[in-house]
1. Given q = 0.11, 0.13, 0.15, 0.17 Å⁻¹, what are the Debye log10 I(q)/I(0) values for the chain, with equal point scatterers placed on the Cα positions and solvent ignored?
2. Compute the helix-to-body angle for 49-71: its Cα long axis versus the longest principal axis of the chain, expressed 0 to 90° and rounded to tens.
3. Mind sorting HIS42, HIS207 by how few other Cβ atoms lie within 10 Å of their own Cβ, fewest first?
4. Restricting to DSSP H runs of at least four residues, report the calculated mean residue ellipticity at 222 nm for the chain, -39500 (n - 2.57) per run over all residues, nearest 500 deg cm²/dmol.
5. Tell me, what ³J(HN,Hα) does each residue in segment 26-39 have, in order and in whole Hz, if you take phi through Karplus 6.51 cos²θ - 1.76 cosθ + 1.60 with θ = phi - 60° and put x for Gly and Pro?
6. Please give the residues of segment 124-162, grouped as numeric ranges, whose backbone N is less than 17 Å from a label point set 7 Å along the Cα-to-Cβ vector of SER72.
7. Just grab the label-to-label distance for ASN134 and ARG245, each label 7 Å out from Cα along the Cβ direction, in nm (one decimal).
8. Charges at C-beta only: +1 for Lys and Arg, -1 for Asp and Glu. How large is the resulting dipole of the chain about its Cα centre, in Debye rounded to 20?
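Rule-based calculations on the coordinates, nothing more; no lab input. For clarity, every value in this text was computed on a predicted model and none was experimentally measured. Every residue, glycine as well, gets a Cβ built from its backbone with ideal geometry; the counts of neighbours run over all protein chains shown.
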Amino acid sequence: MILLWTSLILFLIALIIPRNKNIIGAFGWMFFAAHWAIQPIHYLEIADVFNAVLTIFVSLFCIFMVFFNFRSPKSDTLLTITFAVVIGGFFYFPFAEMSLLKDFLVDAVTFQTVWGLNFLGIPATQLGSNILLNGYIIEIILACTGIESMALFTGVTFAVDAPPMRRFKAFMVSVPLIYGLNIIRNMFVMAAYGYQWFGEHSFYIAHHVLAKIGSTSALFLMAYVVFLILPEVVDMIADLASMFRVVR
């Protein structure tokens, strides 16, 4: 977490310093790249290959951002992206770092997942942050709350220069929806695992394959809707893409 907090502090300084602000941001992206570079180890330990590969690409993206920020110290697009990371970071890290908030969110998601299963007639039971069904137990952790994806969309929707009402609409069609769909995702994984829908590999297939495909597809669809509401995000992505073309 030291790498993460260091990067966020540097990002904040970059937003405050009026001249050559992106040079300071570049150093923040260095620490951010280092943070993501060590994440694949954790995901490989829990056999989550999808997220392991994803974090490798995120780290590579951060390395490119270091280069772009040094090359274009006054780019508004790069500053907007840095601003998005700051917003998303301060949306996420209180839950990651403060036990009270983390436990509250995990408990809420666990309760709502169990309530949803019970509503459908599936006799799941909450045991703290664990869910018991048919003799099988799944522990709900912070990653199961969807907080990372919610932080991402929060950062993007509120960082771009657009009218407040359009930013609010983009937020409402993404973040609350992510939370709700994540509850449904947890319900599916628990039911599939508890009733062994896919045999001895039920948890792996339900959680690491089917749920990943479903959640990724939903995020792409939500991103498309956000793009329709906030074309400024598309302009930002297009500007960033042009930087990559120059590198190539």
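1. -0.65, -0.89, -1.13, -1.36
2. Approximately 10 degrees, to the nearest ten.
3. With the fewest neighbours first, HIS42, HIS207 line up as HIS42, HIS207.
4. Values: 11 runs with 183 residues, N = 248.
Rounded to the nearest 500, the figure is -24500 deg cm²/dmol.
5. Going residue by residue, I get 4, 5, x, 5, 4, 5, 5, 4, 5, 4, 6, 5, 9, 5 Hz, with x marking Gly and Pro.
6. 160-161
7. 5.2
8. Numbers: 12 positive and 13 negative charges, 150 e Å.
Using Cβ point charges on Lys, Arg, Asp and Glu, the chain gives about 720 debye.
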